[in-house]
Structures are given as C-alpha cells and as structure tokens.
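What follows is one structure encoded as structure tokens, with my remarks underneath.
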Amino acid sequence: MSDQPRRPRKPGKPYRRPQKDPVRLLAFEALRAVDERDAYANLVLPPLLRKAREKDGFDGRDAALATELVYGTLRRQGTYDAVLAECVDRPLREVDPPVLDVLSLGAHQLLGTRIPSHAAVSATVELARVVLGDGRAKFVNAVLRKVARHDLDGWLEHVAPPYDKDPEDHLAVVHSHPRWVVSALWDSLGGGRAGIEDLLEADNERPEVTLVARPGRATTEELLREDAAVPGRWSPYAVRLTEGGEPGAVEAVREGRAGVQDEGSQLVALALADAPLEGPDEKWLDGCAGPGGKAALLAALAAERGAVLLASEKQPHRAGLVARALASNPGPYQVIAADGTRPPWRPGTFDRVLMDVPCTGLGALRRRPEARWRRRPEDLDNFGPLQRALLRTALRSVRVGGVVGYATCSPHLAETRAVVDDVLKQHGDAELIDARPLLPGVPALGDGPDVQLWPHLHGTDAMYLALIRRTA
C-alpha cells in the first residue's frame, strides 16, 4: 500500500431526483400505447385523462395541454421525423421507439406550440430522465438543442424538397402525410395545388366535437343550452361544441339520447332516409352498423315513419356497441351479429339499405391522425374485394324500387367510384340516382350523381356516398 496521502475528492453536484410532470408523462404513455399496441389516440386518451383528474388533480388546462401534445405529435410525425433525422447521428429506425417518442414530443413543443424553447427542452429532458434514465436523457438534450436552432419554417426550407422539383414529396414533408396518401388525395380532388394544400392543412387541424340529437330522444334546442354550443352547419340534428367541450359532460350524451357523430356521417344517414322510393317504406337495413352512430340516427328516423331498422354488424363486440347506441330508441329495431357477405336475411327484404363499408379511413385523418402512418397502399387490395362483396349483398337485399346507400369514410377513388362502377357493371338491374339534392344547402358537391364531402370545404370528415336504386 502506498504511503502517499489520498487526494481529497472534489465536491460534485448532489444527485437530483427527476421531477415528474403528470401532463407530459400522460402524453408519453398515450404515445407508447399508440406505438406498442396499435391503439387509437381517441380511445386511449379519454380514460387516461379521467384517471389523471382523479389521481393527479388535472384541470381543464392540464387536459388541454396533454391532448395537444398527443394529437399534435401524431399529426406532425412525418415532419418531425424529417427534422429529427437531421439532428440524430444514426438512422431514425435505429433509435429506440420510447426515445423517439420523447424526441417527437420535444420537437412538437419546440416547433408546433408557443412553449418557450428553453422550457420545451428542459421539460422534455426531465421527462426523459423519468422514463428513459439519465444516460439517454443526455442524448435527448443534445438532439433537442439542435432542433431548437430553427423554427418550423426554417426547418421546412431545409428538409422539404422544392415544390417545383418534387411536388408530392414537398407536400408530404410540409403537411406531414405519407407521399402515397398525398398522391391519392390529389387524384380524388382532381388536381390543383390550392385544393390539396387546403385539404392537407385541414387534416392537421383539431376538429370540433359534433353532437347529434337523436330524433324522438333529444332536441338540438336542448343541446344548444350547453356552453360554447352552436348549431351544425348542414344537419338539422347537429350541434357543435366550439371550444373542445367534453361530450361526457352533456347529460343527453350520458343518457344515450344524443351522441358524438361527425356531421358528414349524419348527412349520409339523412340522405339515404330521404331518398325517394317507389312502393312501401317499412323495412330498413344498416348492413355494417358498428359502432352504431348512423344506426342510431337511422333507427330514430325510421321510428318516426313507422319503419323498422335491422342493424347488422359482423363483430359481436361491435354489435354490442350498436345495441347500446340504439337502446331506448322510440320505435322497434333489431341488432344482430352477422357477416354482411353471407347475410341471414332473404333477398329483396328491405326498402332502404345502408352499407358503410370497412375502408382505409383516409377521410377521418383529423380524428385519427395515427391512421395515416399505419395504412399502406396494399391495404386497398385487402379492402377492395370486401367492399364489392358488401355492395353486391346490399343490392340483393333491397327490393325492386328500393334504394341502397354505399358509403365510405375514405375519398380514395379505389374505395369509392371504382367500387360502385365495378359492381354496377355486373348489375344491369340497378342505377345511380343523384344524391346531391338530398344534401340541401351543402355547397361544392361536384358533378354528381355521387357525393364526396371534404374537411376543407364542408368541415366534415371526407365521407363518400353513392345512392343506387334497384330497378328490376
């Protein structure tokens, strides 16, 4: 052993425990659920917020910030990925997903909110210390300090290719949509830069909450007594909550007399219900009824006319949601779990049939921003045969003189007009009827006879509707 005296240890900074920020922890937890479990933010976030109100004393401002962090990060994920790729010394696919989620949350605070840069970096690094550990928190700190060197416009000038060289990739980076989605939406709009940019911007805006007053169970007058409630734009049963109100706080919603339903969805149901018929009007079918919004409105409208709705849904748990939505309907109805491509009912049974078919959901990217990153072009190959089979079932199920409504929450031409055209070529006993007069007061409905709604033109999801009459 050496006789040399030991050197005194230099005093260092005492270890400080990371401070937990309940709002950012909740946002991180929601993003992890979306990434790990393929969950949807609109289903994950409400129970997390309810728990936070009870456990952490969340108030309205806390809930609003957590919601903005989650949805803003998901909507702008493509743009933030392009920025982060410039600030990380390895391909983003090699960054651990939890680390990338923290970085994305930080990028959104820096580039997409009014939170001061120093506060955004500090709060995100503190989050990283809590959920990732001190070592990876240092990496997060280094990356976010690089991100903070420019604002969003400055970064876009750097990471987005010029529009005149690659317009689709430019729009994809600037507006945070996959390139194939930009291309598909552009085709559906029919060209023109202004229209596609307006649509992509609308997809990135937080949508208002829209309620429906179910006829015979609630009225719009009742719903308009709620704070910040204003009438819908197009549907006589719609009421909008303009300040992001909580639907669960509305008594009529809690009791099932009203529901949350986009105005485009309401218009589809109303158009089918009002389509002119030849002959009786007694039996209606919703052939893809889950989760029950359109079915509840159709059942209420049918009850007013003495008609009966059969709501059919393939998945039993979704059929349960339909039954819950229709509970206490003022008239008779029936809910069954059945495969719409192998229906248990006889051909020609119904006077009106709605087939709101499974689809890519590209029309609801405002509400489900994570869907844009999950969908792939090959998904169209999976949905196409099912959509055609369901439309053929609908045409067999309706009587001569009756009407079928084919609907999708997608504007992709492969899921809308291509399906209708293909099926009608095989059915010489059916014809398209003009749907536009059945959406009174709604502008910019195109050349018809089918209808495509748009977020940037109508403030609705991008719902598609074709009305078809069975002629023989």
So which residues in segment 193-218 are more than 20 Å from the chain's Cα centre (by Cα) and within 14 Å of Gly259 (Cβ to Cβ)? Ala213, Arg214, Pro215, Gly216, Arg217, Ala218
Considering residues of segment 418-451 that are under 21 Å from Gly401 (Cα atoms) and free of Cβ contacts under 8 Å to residues at least 12 places away in the same chain only, the residue surrounded by the fewest Cβ atoms within 10 Å (Cβ to Cβ): Lys425
Collect the residues in segment 190-215 that are over 22 Å from Asp447 (Cα atoms) and either at pLDDT below 95 or polar (S, T, N, Q) (or both), keeping them in residue-number order. Asn204, Glu205, Arg206, Pro207, Glu208, Val209, Thr210
Can you name the number of the only condition in (1) open to solvent by less than 40 Å² (accessible area, probe 1.4 Å); (2) under 26 Å from Leu200 (Cβ atoms) that Val125 fails? (2)
Return the only residue of Leu156, Leu103 being under 21 Å from Ile196 (Cβ atoms) and in contact (Cβ under 8 Å) with a residue 40 or more places away in the chain. Leu156
Subset of segment 171-180, residues in a helix (DSSP H, G or I) and either surrounded by fewer than 18 Cβ atoms within 10 Å (Cβ to Cβ) or in contact with a Gly (Cβ under 6 Å, 6 or more places away or on another chain) (or both), comes to Arg179, Trp180
Search result, residues across segment 375-390 that are under 29 Å from Trp345 (Cβ atoms) and in contact (Cβ under 8 Å) with a residue 40 or more places away in the chain: Leu386, Ala389, Leu390
For segment 204-219, does any single residue satisfy the condition of being surrounded by 17 or more Cβ atoms within 10 Å (Cβ to Cβ), touching a His at 6+ places or on another chain (Cβ under 7 Å) and either part of a helix (DSSP H, G or I) or not charged (D, E, K, R) (or both)? yes
Gly264 - would you say it is part of a helix (DSSP H, G or I) and buried (at least 22 other Cβ atoms within 10 Å of the Cβ)? yes
Considering segment 446-463, residues that are touching a strand residue (DSSP E or B) at 6+ places or on another chain (Cβ under 7 Å) and not aliphatic (A, V, I, L, M), and then whichever is nearest to Pro207 (Cα to Cα), we arrive at Gln452
Residue count, segment 148-158 (criterion: in a helix (DSSP H, G or I), open to solvent by 30 Å² or more (accessible area, probe 1.4 Å) and closer than 18 Å to Thr73 by Cα): 2
In segment 303-320, is there at least one residue being surrounded by fewer than 19 Cβ atoms within 10 Å (Cβ to Cβ) and in a strand (DSSP E or B)? yes
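Rundown of residues vs (1) surrounded by 16 or more Cβ atoms within 10 Å (Cβ to Cβ); (2) within 30 Å of Ala472 (Cβ to Cβ); (3) in contact with a Gly (Cβ under 8 Å, 6 or more places away or on another chain), yes/no style:
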position	(1), (2), (3)
Ser235	yes, no, no
Glu255	no, no, no
Leu277	no, yes, yes
Gly287	yes, yes, yes
Gly290	yes, no, no
Ala300	yes, no, yes
All positions within segment 328-373 that are open to solvent by 40 Å² or more (accessible area, probe 1.4 Å) and closer than 30 Å to Ala30 by Cβ: Pro358, Arg367, Arg368, Trp373
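In this structure, is Lys51 surrounded by fewer than 20 Cβ atoms within 10 Å (Cβ to Cβ), over 15 Å from the mean Cα position of the chain (by Cα) and modelled with pLDDT under 90?
No, not satisfied.
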Based on this model, can you work out whether Leu391 counts as farther than 17 Å from Leu270 by Cβ and either among the small types (Gly, Ala, Ser) or over 27 Å from the mean Cα position of the chain (by Cα) (or both)? no
Please give the number of the condition Val230 fails out of (1) open to solvent by 30 Å² or more (accessible area, probe 1.4 Å); (2) under 30 Å from Gln109 (Cβ atoms). (2)
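Residue-by-condition table, conditions (1) part of a loop (DSSP other than H, G, I, E, B); (2) closer than 19 Å to Asp101 by Cβ; (3) charged (D, E, K, R):
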| position | (1), (2), (3) |
| --- | --- |
| Glu126 | no, yes, yes |
| Arg129 | no, yes, yes |
| Ala137 | no, yes, no |
| Lys146 | no, yes, yes |
| Glu168 | no, no, yes |
| Val182 | no, no, no |
| Trp186 | no, no, no |
| Ile196 | no, no, no |
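The values are calculated or read from the model by the stated rules, or taken from the named source; none is laboratory data. If you're wondering where the values come from, they're calculated on a predicted model, not measured in any experiment. Positions of Cβ are backbone-derived with ideal geometry, glycine not excepted, and every protein chain shown enters the neighbour counts. Remember, those area values only see protein heavy atoms, side chains included, never the ligands or the DNA or RNA. Shrake-Rupley method; radii C 1.70, N 1.55, O 1.52, S 1.80 Å.
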